[in-house]
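In what follows, a single structure is set out as structure tokens and then discussed.
The values are calculated or read from the model by the stated rules, or taken from the named source; none is laboratory data. Fair warning: this is a prediction, and the values are worked out from it, not measured in the lab. Using ideal geometry, Cβ is built from the backbone for each residue, glycine included, and neighbour counts are taken over all protein chains shown.
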Amino acid sequence: MKIGIVEDEVVWREKIQAIVEKYCGAQNIPFQVSSYSNGKDFMKNPDADLLFLDIELAEGEDGFEIAEQLMDTGNPCKICFLTSHEELARLGYRVNAFRYIDKRHLEEIDEALGFFMRTRIQDRAIECNDTAGIRVTISLNELLLVETSGRKLRYLLLDGREYICEGRISETARSLSRFGFFQVQRSYIVNLKYIEKVNSHEVTLCNGLEVVIGRTRSKEFKKEFFKWRMCFGH
């Protein structure tokens with residue numbers, strides 16, 4: 001994980017970096033942290049998964065403007081704004097801020113890091129053998145659903161690609177459950193992230209596919225889907 005810090009005051013910069021290093025070390029998270037005294041230097045190579053960005057920087061630099069530049073270039077990094085003025089936080093809707101951290105309460109950095117790591121829960125891949133015995137690698141972020149296909153499993157990806165692999169759906173559902181997948185009925189496991197609509201008896205996925213929710217799974221599904229939405233705000 002790459003973490004950037006843009007803060008013009010060296011005291012705050014060092015405090016924030018120390019907290020990040022302590023947290024990542026304690027959680028055994030591989031990380032790389034880079035600190036900058038101004039946004040101009042960071043923007044020369046804006047390579048960060050998570051950026052701690054001061055709203056009010058020296059020499060007239062504006063943290064919101066830096067965030068807008070990142071958005072305009074399609075940079076996907078998440079931004080935690082640092083501020084001593086709570087009233088500035090309301091302007092963050094412009095740039096879809098990930099978090100606001102009051103400099104008087106830097107302990108909030110731990111919570112921000114923990115939540116950020118949970119949002120990346122699907123940043124991993126699984127492997128399975130296809131019908132020819134070839135080992136295939138499937139990114140969980142790209143996996144829309146898994147369904148039974150005869151005695152095999154069909155893995156359907158967002159872009160329409162599919163893999164027919166060996167495996168049992170019950171075992172696959174158990175292994176994928178901690179990554180945001182749920183077996184809504186006997187034949188289907190769906191990625192909770194890509195559910196667009198839900199009613200009392202079916203879910204609609206982002207590709208328009210409608211999948212019926214099994215009656216015996218309805219209560220547990222609603223609980224898990226609610227927890228997912230609460231955690232990830234999707």
Taking region 213-234 and keeping residues closer than 19 Å to Leu140 by Cβ and either in a loop (DSSP other than H, G, I, E, B) or in contact (Cβ under 8 Å) with a residue 40 or more places away in the chain (or both) leaves Glu224, Phe225, Trp228, Cys231, Phe232, Gly233, His234
Here the residues within region 176-203 that are in contact with a strand residue (DSSP E or B) (Cβ under 7 Å, 6 or more places away or on another chain), surrounded by fewer than 12 Cβ atoms within 10 Å (Cβ to Cβ) and in a loop (DSSP other than H, G, I, E, B) are His201
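The rows are residues; the columns are (1) farther than 30 Å from Arg99 by Cα; (2) at pLDDT 95 or above; (3) β-branched (Val, Ile, Thr).
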| residue | (1), (2), (3) |
| --- | --- |
| Arg124 | no, no, no |
| Glu162 | yes, yes, no |
| Leu176 | no, yes, no |
| Val203 | yes, yes, yes |
| Val211 | yes, yes, yes |
Going through region 7-30 in order, the residues found to be more than 21 Å from the chain's Cα centre (by Cα) and among the charged types (D, E, K, R) are Glu7, Asp8, Glu9, Arg13, Glu14, Lys15, Lys22
Qualifying residue in region 204-212 (condition: surrounded by 13 or more Cβ atoms within 10 Å (Cβ to Cβ), in a helix (DSSP H, G or I) and among the polar types (S, T, N, Q)): no
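What number of residues within region 131-150 are in a strand (DSSP E or B) and polar (S, T, N, Q)? Working first, answer last.
Restricting attention to region 131-150, the residues satisfying the condition of being in a strand (DSSP E or B) are 135-139, 143-149.
Restricting the remaining residues to those that are polar (S, T, N, Q) gives 137, 139, 148-149.
The qualifying residues number 4.
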Looking across region 97-119 at residues that are part of a loop (DSSP other than H, G, I, E, B) and more than 12 Å from the chain's Cα centre (by Cα), the single one that is surrounded by the fewest Cβ atoms within 10 Å (Cβ to Cβ) is Glu107
Within region 161-174, the count of residues that are surrounded by fewer than 16 Cβ atoms within 10 Å (Cβ to Cβ) and under 21 Å from Thr216 (Cβ atoms) comes to 4
Among residues of region 148-160 being closer than 23 Å to Leu192 by Cβ and out of contact with any helix residue (DSSP H, G or I) (no Cβ under 8 Å at 6 or more places or on another chain), the residue surrounded by the most Cβ atoms within 10 Å (Cβ to Cβ) is Tyr155
Of the candidates Ala18, Ala67, the one satisfying the condition of being assigned by TED's automatic domain parsing to the domain that holds Asp102, modelled with pLDDT of 95 or more and aliphatic (A, V, I, L, M) is Ala18
